[in-house]
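Everything below concerns the one structure shown next.
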Amino acid sequence: MFLENKVDKSEKRGWIEVITGSMFSGKTEELLRRLRRARIARQRVEIFKPLVDNRYSEQEVVSHDANSIPSTPVESSGNILLLCSNVDVVGIDEAQFFDKGLNDVCNQLANQGIRVIVAGLDMDFKGKPFGPMPDLMASAEYVTKVHAICVYCGDLAHFSLRKTASDRLVEVGADEAYEAVCRHCYQKKFMKK
Ligand SMILES: Nc1ncnc2c1ncn2[C@@H]1O[C@H](COP(=O)(O)OP(=O)(O)O)[C@@H](O)[C@H]1O
Ligand SMILES: Cc1cn([C@H]2C[C@H](O)[C@@H](COP(=O)(O)O)O2)c(=O)[nH]c1=O
Ligand SMILES: [Zn+2]
């Protein structure tokens, strides 16, 4: 379980945390947990998500278990910088959908003394690194890799298998369009397509 750094009230020090893994692995649940704890500690929290993520809600960050928290949908990573005055903690969900500038934005925020918590998919449905996630994982002080359960064999799942015929990188969806699978089952199912 991830435990926060102690907050030093005399000197504001920032850092970057990344929560990553396949779909259904609990990234959003873990992001919500950390953000709620920050609020309990009376820290000023701002939460962002990309405009394209309208899966469960336009405005909120929502987990597959229907837990939610209000957020600000933004079109590009640059908007986040403009909306972050007077904050202690910034949370960003579905980071894989942002532009490559997100890594620079997160570093600028952390350098200003802000704790930045980013959640996103490490890989797309083809098993390739997704958007700004590899750069963020390199920059982050803390990377937490979470796992779903393979719907075929019950092992730890590491891949997001797309069930539809679409070849587009971005296809917003949930269990009607994706399933969490382990490496073994991904090889069998994806290669068969
Ligand atoms: N194959 C699966 N493995 C694990 N959890 C699953 C699976 N399918 C659905 N879930 C549900 O998804 C929840 C995690 O949701 P969420 O935090 O939104 O995941 P993520 O953001 O990583 O997609 C779990 O607590 C569980 O109830
Ligand atoms: C693998 C993959 C996923 N997506 C989309 C599908 C969902 O809308 C999000 C991931 O959400 P989650 O919170 O991690 O469950 O990403 C996509 O557009 N392209 C892909 O290859
Ligand atoms: Zn499996």
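Overview of values
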| quantity | calculated |
| --- | --- |
| Wholly within region 94-180, strands (runs of 3 or more DSSP E) carrying at least 2 residues that are among the hydroxyl-bearing types (Ser, Thr, Tyr), within 11 Å of ligand 2 (Cβ to nearest atom) and out of contact with any Lys or Arg (no Cβ under 7 Å at 6 or more places or on another chain) | none |
| All positions within region 181-193 that are part of a loop (DSSP other than H, G, I, E, B) and within 10 Å of ligand 3 (Cβ to nearest atom) | 182 |
| Single unsatisfied condition, residue 1 versus (1) within 16 Å of ligand 2 (Cβ to nearest atom); (2) of a type in the set (A, V, I, L, M, F, W, C); (3) at pLDDT below 95 | (1) |
| Region 1-55, subset surrounded by 15 or more Cβ atoms within 10 Å (Cβ to Cβ) and hydroxyl-bearing (Ser, Thr, Tyr), residue nearest to residue 72 (Cα to Cα) | 28 |
| Any chance residue 54 is over 30 Å from residue 8 (Cα atoms), modelled with pLDDT under 95 and assigned to a loop (DSSP other than H, G, I, E, B) | yes |
| All positions within region 1-47 that are without any contact (Cβ under 8 Å) to a residue 40 or more places away in the chain and assigned to a helix (DSSP H, G or I) | 29, 32, 33, 36, 37, 39, 40 |
| Contacts under 7 angstrom Cβ, first residue in region 167-191 being at pLDDT 95 or above, partner within 12 Å of ligand 1 (Cβ to nearest atom) and of a type in the set (Asp, Glu), 6 or more apart | 172/53; 182/155 |
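The values are calculated or read from the model by the stated rules, or taken from the named source; none is laboratory data. These numbers come from a predicted model, not from an experiment. Reconstructed Cβ throughout: ideal geometry from the backbone, glycine too, with neighbour counts over all protein chains shown.
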